[in-house]
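Every number here is computed from the coordinates shown, using simple stated rules; none is lab data. Every value quoted in this text rests on a predicted model; they were computed, and no experiment measured them. Positions of Cβ are backbone-derived with ideal geometry, glycine not excepted, and every protein chain shown enters the neighbour counts.
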Amino acid sequence: MRALADLHNHSCLSPCASLEESPSLIARLARERGLDLVALTDHNSALNCPAFAEACRREGIAPLFGIEASSIEEVHVVCLFGSVDEALDFGESLRGRLLDLPYDPEKLGDQVVVDADEGVLDLVGYYLGAALSIGFDELCAEAADRGAIVVPAHVDRPMFSVSSQLGFLPPGPYDAVEAMRPLPPELSRGFPVVSGSDSHYPEHVARRPFAVELPEGALDPSAAGSLLETLREALRSGRARPFWDSAARSGP
Amino acid sequence: MRISELASALGLETIQDGYEDREISTGYSSDLLSDVMANAKADGVLVTVQAHKNAVAVASLVGLAAIIVCNSRPIPDDMIEAARAERVAVLLSPESAFEVSGRLWTALRRP
């Protein structure tokens with residue numbers, strides 16, 4: 001089956017995202033806009049993944065649980081897990097390694113933990129938009145060791161990317177690289193390329209998904225085997241096709 | 001030294017002139033925005049190659065008066081718009097951060 005996937009979305013937990021963008025709104029909009037598989041990837045934290053799991057169950061859409069981690073060089077990396085617990089564990093391991101920047105919610109934005117009914121559970125009091133005290137190579141290796149799908153984010157963007165911060169894509173344990181537009185070979189280096197919405201506002205959800213061929217039934221909650229591993233296999237065997245604008249989605 | 005005086009003393013091109021012409025007391029040279037957030041001082045100038053609107057957001061957060069973009073890096077329109085909204089000056093130099101920082105240091109210490 002051909003599935004539409006979007007692995008890069010921020011909820012109201014990310015200080016730079018809209019407060020409207022609850023995990024349940026992402027799940028609902030993803031379904032309404034035709035996605036089959038969607039991941040939540042807040043900056044350096046997975047605390048809204050429990051709500052996202054429940055919201056996706058209600059909407060009948062397949063979820064993955066992730067974090068967009070920020071290396072000390074300020075390179076963003078999407079790290080995806082198959083279960084809420086693995087994502088929460090990874091987030092917990094990052095917490096003590098966030099650079100301790102002064103956090104003023106008035107200026108930087110609130111960081112809201114919610115439940116699947118948009119009830120507020122907590123406000124995170126330390127700044128999640130900060131960089132971690134871990135280098136890019138070490139961060140990717142650690143996420144891969146934990147079994148994550150590792151995707152350097154928006155590698156062709158002029159900020160927070162391997163190209164802007166490192167100047168090139170170093171060798172690493174990546175399953176794919178995420179891009180905003182067709183990539184020159186020196187930035188993809190043979191890795192599969194996916195598009196991603198990097199949504200921060202409701203209108204961004206599903207703006208840049210990618211298509212991927214998956215085995216029949218792979219997205220059913222009762223499917224044998226893990227969706228994460230099925231997706232990893234599909235990415236690595238070249239069965240993903242990025243879309244560079246929404247008009248291309250309806251194409252062949 | 002005011003921002004306008006600094007621009008002419010260092011031969012900088014003013015890209016965004018809708019700023020408050022404040023007195024500059026210090027500078028900070030860095031391309032890591034989290035480092036700027038943690039260590040730059042208010043009423044200073046940021047010397048950087050990070051020509052994008054997030055640099056403006058950090059400047060505004062810290063209370064920086066101006067951003068000097070080095071190496072003639074192209075400056076996107078959304079950075080100029082953000083700087084205008086925040087009244088942060090955006091100045092452009094063809095020189096490297098090393099050279100701009102040296103000139104800035106000398107200019108701020110001249111009696």
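Report the antiparallel proportion of the DSSP beta bridges in the protein assembly as shown as a percent, rounded to a multiple of 5.
50 percent
For Cα pairs less than 8 Å apart in space and 6+ apart in sequence, what is the mean separation divided by the residue count of chain B, i.e. the relative contact order in percent?
32 percent.
Pick out which of A:PRO242, A:PRO102, A:PRO152 has the largest mean-square fluctuation in a Gaussian network model of chain A, springs linking Cα atoms closer than 10 Å.
So, out of A:PRO242, A:PRO102, A:PRO152, the one fluctuating most is A:PRO102.
Can you give me the C-alpha center-to-center distance between the stretch A:103-143 and the stretch B:53-92, rounded to a whole angstrom?
The two parts, judged by their Cα centres, are 25 Å apart.
For chain A, modelled as a Gaussian network with Cα springs under 10 Å, which listed residue fluctuates most, A:PHE136, A:PHE168, A:PHE90?
A:PHE168
Choose one of A:VAL150, A:TYR103, B:CYS70: the residue whose Cα lies farthest towards the positive end of the charge dipole of the protein assembly as shown (beta-carbon charges +1 Lys, Arg; -1 Asp, Glu; about the Cα centre).
Of A:VAL150, A:TYR103, B:CYS70, it is B:CYS70.
Place a +1 charge on the Cβ of each Lys and Arg in chain B and a -1 charge on the Cβ of each Asp and Glu, then give the dipole magnitude about the Cα centre in debye, rounded to the nearest 20.
300 debye
Based on alpha-carbon centroids, what's the gap between the stretch A:29-77 and the stretch A:212-236 in Å, whole number please?
Centre-to-centre (Cα) distance: 17 Å.
What average number of partner chain Cβ atoms lie no more than 10 Å from the Cβ of the residues making up B:30-41?
4
P(r) tail for the protein assembly as shown, what percent of Cα pairs lie past 26 Å?
52 percent
Using Cβ contacts closer than 10 Å as the measure, can you line up B:ILE80, A:ILE67 from fewest to most?
Placing the least packed residue first, the sequence is B:ILE80, A:ILE67.
Roughly how big is the stretch B:50-111's charge dipole about its Cα centre, with Cβ charges of +1 (Lys, Arg) and -1 (Asp, Glu), in debye to the nearest 20?
Magnitude of the dipole: close to 280 debye.
Taking amide H atoms as placed 1.01 Å from N in the peptide plane, list the residues 5 or more away in sequence, or in a different chain, whose amide H sits under 5 Å from that of B:GLY27.
B:VAL45
Only Lys, Arg, Asp and Glu count, each charged at its Cβ (+1, +1, -1, -1), so figure out the dipole size of the protein assembly as shown about its Cα centre, rounded to 20 debye.
800 debye
Below 8 Å, C-alpha to C-alpha, sequence gap of six or more: please give me the relative contact order for chain A in percent.
Here the relative contact order equals 22 percent.
Relative to the compact-globule scaling 2.2 N^0.38 Å, provide the ratio for the alpha-carbon radius of gyration of chain B.
In units of the 2.2 N^0.38 Å rule of thumb, it is 0.92.
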